[in-house]
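Undergrad: The structure follows.
The values are calculated or read from the model by the stated rules, or taken from the named source; none is laboratory data. Bear in mind the structure is a predicted one, so any value in this text is a computation, not a measurement. Quick reminder, even Gly has a Cβ in these numbers, built from the backbone with ideal geometry, and neighbours come from all protein chains shown.
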Amino acid sequence: MAVWKVVVLLDLALALGVGGGYLWWGRQVERLGRELVEARAAAAGPREYRAEGVVRAVLPEVGVIVITHEEISGYMPAMTMGFRAVSPKLYEAVQVGDAVRFSLGGTPPNLAITTIEKLGR
Ligand SMILES: [Cu+2]
């Protein structure tokens with residue numbers, strides 16, 4: 001193999017390795033940042049958060065309402081996730097596709113929906 005080919009291949013391997021390393025660190029820093037926010041929230045004790053989102057699934061048999069929610073300030077970035085509800089009645093209050101405003105109560109990360117209402121649009 002010609003020397004220049006070896007040099008090019010080594011450079012490429014180095015570039016891929018360093019680039020991958022940056023990506024990995026980027027993800028770690030992002031994850032740690034998220035964990036820090038959650039840890040601070042947990043240390044603060046029981047809390048109440050308000051958020052808005054769209055209902056993706058209502059699964060009373062497993063006790064979960066799946067919601068795509070906007071950022072919950074001081075707690076979570078926007079995401080789609082399942083929430084427990086404090087009362088079985090809450091599962092009957094909403095349907096898939098509803099835009100909703102809801103409250104989460106409890107000590108993070110053990111939060112449950114305490115109120116949920118459809119947003120009129
Ligand atoms: Cu979330």
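Undergrad: Just one of (1) within 16 Å of the ligand (Cβ to nearest atom); (2) at pLDDT 90 or above trips up residue 60, so point out which.
TA: Evaluating residue 60 over (1) within 16 Å of the ligand (Cβ to nearest atom); (2) at pLDDT 90 or above leaves (1) as the failure.
Undergrad: Have a look at 20, 26, 45 and point out the one that is more than 23 Å from residue 91 (Cβ to Cβ) and in contact (Cβ under 8 Å) with a residue 12 or more places away in the chain. Lay out the reasoning, then the answer.
TA: Details: 20 fails: in contact (Cβ under 8 Å) with a residue 12 or more places away in the chain; 26 fails: in contact (Cβ under 8 Å) with a residue 12 or more places away in the chain.
Among 20, 26, 45, only 45 is more than 23 Å from residue 91 (Cβ to Cβ) and in contact (Cβ under 8 Å) with a residue 12 or more places away in the chain.
Undergrad: Mind listing just one residue for me: the one in segment 33-42 that is away from the ligand (no atom under 12 Å from the Cβ) and free of Cβ contacts under 8 Å to residues at least 40 places away in the same chain and, of those, farthest from the chain's Cα centre (by Cα)?
TA: 40
Undergrad: Just to be sure I understand, how many residues within segment 47-57 are small (Gly, Ala, Ser) and away from the ligand (no atom under 13 Å from the Cβ)? Talk me through it step by step, then tell me what you get.
TA: Step one: list which residues in segment 47-57 are small (Gly, Ala, Ser), which gives 51, 53, 57.
Next, only the ones that are away from the ligand (no atom under 13 Å from the Cβ) stay: 57.
Matching residues across segment 47-57 total 1.
Undergrad: Quick one: how many residues across segment 66-85 are modelled with pLDDT of 95 or more, away from the ligand (no atom under 12 Å from the Cβ) and out of contact with any Gly (no Cβ under 6 Å at 6 or more places or on another chain)?
TA: Adding up the residues that qualify gives 1.
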